Each structure stands twice: as structure tokens, then as C-alpha cells.
Amino acid sequence: MALDKEVRVFRSVDAIGRDSINSITDDAYFTYEWFKTLETQKSFRISPIYFAVYDECKVVGVAPCFIDLLDQYFHYAPQRRYILPALRKMLIIGRRLGFCQEHVLLCYSPLSYRSEVLIGKTSEKKHILNLLAEKIDAFCKKERILFSSFLFVSEFDELLTGNLQNFGYLKSPGLTNFYLDVRWSSFNDYLESFNCKLRKNIRREIRKCAENSVAIEELEFVDLPAYVSELTSNLNLKYTNKVTSYSSLLSKLSEHAKDKTKVFIAKKNNEVVGFSLNLRQGDILDTCFTGFKYDILTNTDFIYFNVCYYAPIRWAIEEGIKKIYYRDRGEKVKLHRGCKPENTYSFLKCHDELLGPLINNLLRTPLYSHLSQRELGHSGS
């Protein structure tokens, strides 16, 4: 085993470089272009910390992390209702006393529901993960960060699910995301993979969309139209009652990652009433942003299904895409369009030598496990 590897810490993805990042990732949310977009946008605050493992001059592993300035951990982590409020208050009091920072270090990529460590093709993956975990520990202690978390670890990520607990992280059930394995040679083959009832329903939704004078078109993501940000804000307002503008993020995405994006728009009477924006890395596609003009949509035009599912799936088949990732929620909708569930797990570690054992023992109790499972069931309903 090579002993000359070292871990370096950076605050900018430019310090690692485009080729070094992109050569070891197959995930659009973990590319140089996406991280560069996040660093330059002004839609929300960001504080990246990149841990990079070097073997001589070559990058062989990267753990992208972010100081959780938006408190995403306390929104998405299991068991929000009971234990997490106490942990949140602990961080606030600790920051006031100068004991620790107020925010968690999240090992993930913002706006994605995935936590990953990027490692190239090597037989030393466990060794590289060990180096990264040790460096994260040292960084958290130096910067007075009380907790670090891998918040959305896929059940299929054997490296993280099989080893994070060995580094002191506590495992809890997380969100359930959905994905579509694209295994068909044509869109008609896709339709034929369903039973008669579902196949008939999909064809009806496609037909009704056209009969309602709705056209689904592909859009080049170069000069970003202002309505895309507006439609995204409409969606956030409907489901969160908050007016959230991603105009800066979308503008920077167009600037830095236009070659990795695919946009589908829905036009009704020549007016854009919906869109879906997708990110591509290799043969993997991610649904990133969607938005609609709800005052024009009807229950019979089925714009959502056509612009978010049928048009992207048809395009993905033609382009040789192998997998499409969707977010959580809407389980029935996704399953009825061929998607499969992907469970995720949350891993949390306390980096204080005195508090760590106490908190870890608390989180290991059967009561916490029971309440965590119950809360997870409520959040997924």
C-alpha cells in the first residue's frame, strides 16, 4: 500500500481543477461545473470545504463538504421532532459561548439528496476513505465544528454504508429517493414494459397534452429566459409558502454548466407554462429544477407528466442515458412511471471528546431508534 498519499483542504474547486474532479465522478451534482456554479451564485450562502487526497501529483479522492449555513441537516435528518431541536440549541449556545461553530459540516452536494466521496479506480478505496475521515476529524476539531454528517448516503454505496460506522459515525434511516433504469431501445418499448392499465394511462396523458394545444420543446440552455426563475419560484411558493429566487444560481448554471444541462419546456398557446431542467454527467441524468404557471394549468392537460417524465425519458432513450434520478416524494407518481426506490441513510458524528460519547449513547438508545423510524414515516407520508 502506498504511504505517500496526503490530504489537502481547499475552499475553492478551482484549486483542485476541472479535470481532476470530473475524471473521478459520474454524478452531475459532483462535477467541477456544478461546484463552480454553487461558488459563484448569489441565490443562497455557500461555504465549501473540499478534502482532496493526492497520490504524488494526482488527485485520487475528493470529499466535497459544505458548512451547513442553511441548516439543511436539521430539515432533512431523521428524527427532527425530538432530539434534533436539542442538538440545534446546543450549537446555538455553543457558538455564543465560543465553544463551537453554529453549523454542521455536511458531506454532500447542495440541492442534491446525495452524499458521496469521489474516488478513482483503485484497490485502495478503504485506505483513501480512512485518510479523508481522519482529515475531516482534524478539520472539525481545529475549526470547532461539533458535528459532521453524511446526510444522504445511498443504500447502494457499499463503501460508505460499510465503513462510516467504523470511523465513529452513527447510522439512521434517511429519505427515499427514486430512479429510473433506462433499459429500453425505444419509447414504445418503454410503454410496452407496463401493464395494460398503466400503458393506456400514459398514452392518454400524452394524447390529452397535445389535444390541449400544449407543445413540449427542447431548449438550449445558453441565454437563460427570465421566466425559468419565475416558474421555479411559483413551485416553491406552492409547496413551501416561501418566495425563493434561484435567478442567480440558474444564471451561473447557464454560464458554467450549459454543456451539462438539458431543458424541456411546455408551451400552451405559445406561452411557456412549465419546464424541467436536467443535469447530465456521462450516461446519468438528474432532474434538477422544475416550475409551472399554475393559473394556466388544468387537470386535463397533464403538462407536469409530459415535461418532467415522458419528454426527458424519450430523449434519454435516444441519447443512450442509462439512469435518471428523481427526488423524494410523489412515490405513487414515480412508481407508476417505472421508477424504483432508493433508500438513503444519515450518518452523524460528534467531534467533541467529552460530549461525543454522551451524545452517541443517547442516539444509540432504542427510544431514539423507535422515534426516528416513526418520524421518518410521518415525513414520507
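Among Ile265, Ile92, Ile21, the largest mean-square fluctuation in a Gaussian network model of the chain (Cα springs under 10 Å) belongs to Ile92. Counting only Cβ charges, +1 for Lys and Arg and -1 for Asp and Glu, the dipole size of the chain around its Cα centre is about 1220 debye. Step through the table entries Lys42/Lys334; Lys42/Lys260; Lys171/Lys258; Lys89/Lys349; Lys258/Lys349; Lys268/Lys334, compare each Cα-Cα distance with 28 Å, and write down the pairs that go over it. Table pairs above 28 Å Cα-Cα are Lys42/Lys334; Lys171/Lys258; Lys258/Lys349.
State whether the chain is rounded, prolate or oblate according to the following rule on the C-alpha gyration tensor (a ≥ b ≥ c being the square roots of its eigenvalues): a/c under 1.5 gives rounded; otherwise a/b larger than b/c gives prolate, and the remaining case gives oblate. Prolate. Only helices enter this figure: runs of n ≥ 4 DSSP H residues, each worth -39500 (n - 2.57), summed and divided by the residues of the chain, yield -11000 deg cm²/dmol at 222 nm to the nearest 500. Rounded to the nearest 10 degrees, the angle from helix 226-240 to the longest Cα principal axis of the chain is 70 degrees. Across the chain, the longest piece that holds none of the GluC sites (Glu not before Pro) lying in DSSP loops with up to 15 other C-beta atoms within 10 Å covers 221-352. Under a Gaussian network description of the chain, with springs only between Cα atoms under 10 Å, the residue in Leu170, Leu105, Leu118 that fluctuates furthest is Leu170.
Is the shape of region 229-353 rounded, prolate or oblate, going by the alpha carbon gyration tensor and its root eigenvalues a ≥ b ≥ c, with a/c under 1.5 for rounded and a/b larger than b/c for prolate? In terms of gyration-tensor shape, rounded.
GNM on the chain, alpha-carbon springs under 10 angstrom: the most fluctuating residue among Asp19, Asp27, Asp71 is Asp19.
Computed from Cα atoms, the angle from the helix 366-379 axis to the main principal axis of the chain rounds to 20 degrees. Would you list which aspartates and glutamates come within 18 Å of Lys208, measuring only between C-alpha atoms, while excluding same-chain residues fewer than 8 positions from it? The qualifying aspartates and glutamates are Glu217, Glu271, Asp301.
Readers should treat all values here as calculations from the given coordinates under stated rules, not as data from a laboratory. Computed from a prediction, not measured in an experiment: that's the story for all the values here. Cβ sites come from the backbone with ideal geometry, for glycine too, and all protein chains shown count toward neighbours.
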